[in-house]
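Here, each number is a calculation from the coordinates, and none is a lab measurement. Since we're looking at a predicted model, the values are computed, not measured. Counting neighbours? That spans all protein chains shown, and the Cβs are built from the backbone with ideal geometry, glycine included.
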Amino acid sequence: MKTIKRFHLLIIIASLSAVTYSCSKESDSSKLKITIQATNPTYSVKSASATPSITWLSGNMFVSKLEFEAEMSKSSTSTEKTKIKYEWKGPVKLDIFNTSSELGNITLPNGYYDEIELSVHLSKADASGDPVLYLTGNYTNASATVIPVVFTSYEDLNFKAKKEGVSITAESGAKFTSSIQIYMDQLLTGITLQQVEMAILTDGKLNISATLNQELYYQMLINMKKDQKC
């Protein structure tokens with residue numbers, strides 16, 4: 001039976017810009033830009049006497065499908081609810097370190113949203129043999145020696161995010177962004193200096209995958225299941 005890994009993150013709704021409107025007519029909808037971006041790229045490995053670290057430099061993922069669901073009310077006190085659903089299918093290879101990368105835009109009616117939920121699905125079947133998630137970086141040890149790090153995963157992954165109590169109005173700005181932020185330092189939470197130092201190097205690289213340095217690989221997958229907080 002296929003096991004689906006779930007990585008729950010916080011969705012951020014933020015106004016991108018203020019817009020001046022004509023007095024004769026107000027906009028009745030707003031555009032929601034969808035992005036997935038890596039942040040906090042450096043993780044300091046726990047050590048009593050040294051400060052070695054892993055810094056992620058690049059990464060990409062194959063996004064197979066995006067699902068958007070929202071429950072809208074006329075106001076925060078209204079009992080009348082409207083369900084809104086969107087679905088987008090790829091696949092698309094996304095550079096999560098490129099701040100200008102985006103999956104697209106969703107047009108939403110202005111109103112009060114009790115809940116907005118975004119699900120991103122990564123499927124190995126759509127990756128055509130390429131990794132579903134691929135990360136590269138450097139490990140700098142206590143002696144300042146730099147060792148390349150490569151994380152490779154071919155497993156199906158689901159990223160899920162939600163936000164409650166969001167008001168979208170013409171006055172608050174016409175453009176909003178929904179950003180799933182992958183906190184790279186939290187992917188390595190719980191990994192010790194001893195684990196990293198004992199990792200097997202292949203051609204001078206620290207490869208982390210289902211077949212290489214499995215202890216590190218599965219600890220990262222465990223961290224992907226945990227809630228990420230901004």
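Summing charges over all other residues whose Cβ lies under 11 Å from the Cβ of residue 199, with Lys and Arg as +1 and Asp and Glu as -1, gives -1.
Between residue 138 and residue 102, what is the label-to-label distance in nm when each label sits 7 Å out along the Cα-to-Cβ direction? Here the answer is 3.2 nm between the modelled labels.
In µm²/s, what is D for region 70-226 at 10 °C and 1.306 mPa s, where D = kT/(6 pi eta Rh) by Stokes-Einstein and Rh is the Kirkwood radius from Cα pairs?
Result for D is 85 µm²/s.
Extension gain, residue 33 to residue 58, is 6.8 nm, computed as 0.36 nm per intervening residue step minus the present C-alpha separation. Reported to the nearest whole Å, the Cα centre-to-centre distance from region 194-228 to region 81-102 is 28.
For region 109-171, the convex hull spanned by the alpha carbon atoms encloses 182 Å³ per residue. In straight-distance terms, cross-link reach from residue 160 covers every one of the aspartates and glutamates whose alpha-carbon lies under 20 Å from its own, apart from those fewer than eight places away in the same chain; here that gives 67, 69, 71, 87, 95, 102, 114, 115, 117, 126, 185, 227.
Relative to its residue count, region 77-152 spans a Cα convex hull of 172 Å³ per residue.
Each Lys or Arg adds one and each Asp or Glu subtracts one; over the other residues with Cβ under 15 Å from the Cβ of residue 213, this totals -2. A quarter of the convex hull surface defined by the alpha-carbon atoms of region 27-158 gives 11.5 nm² as the mean projection. The slack in the chain from residue 40 to residue 78, taken as 0.36 nm per residue of separation less the alpha-carbon distance, amounts to 9.7 nm.
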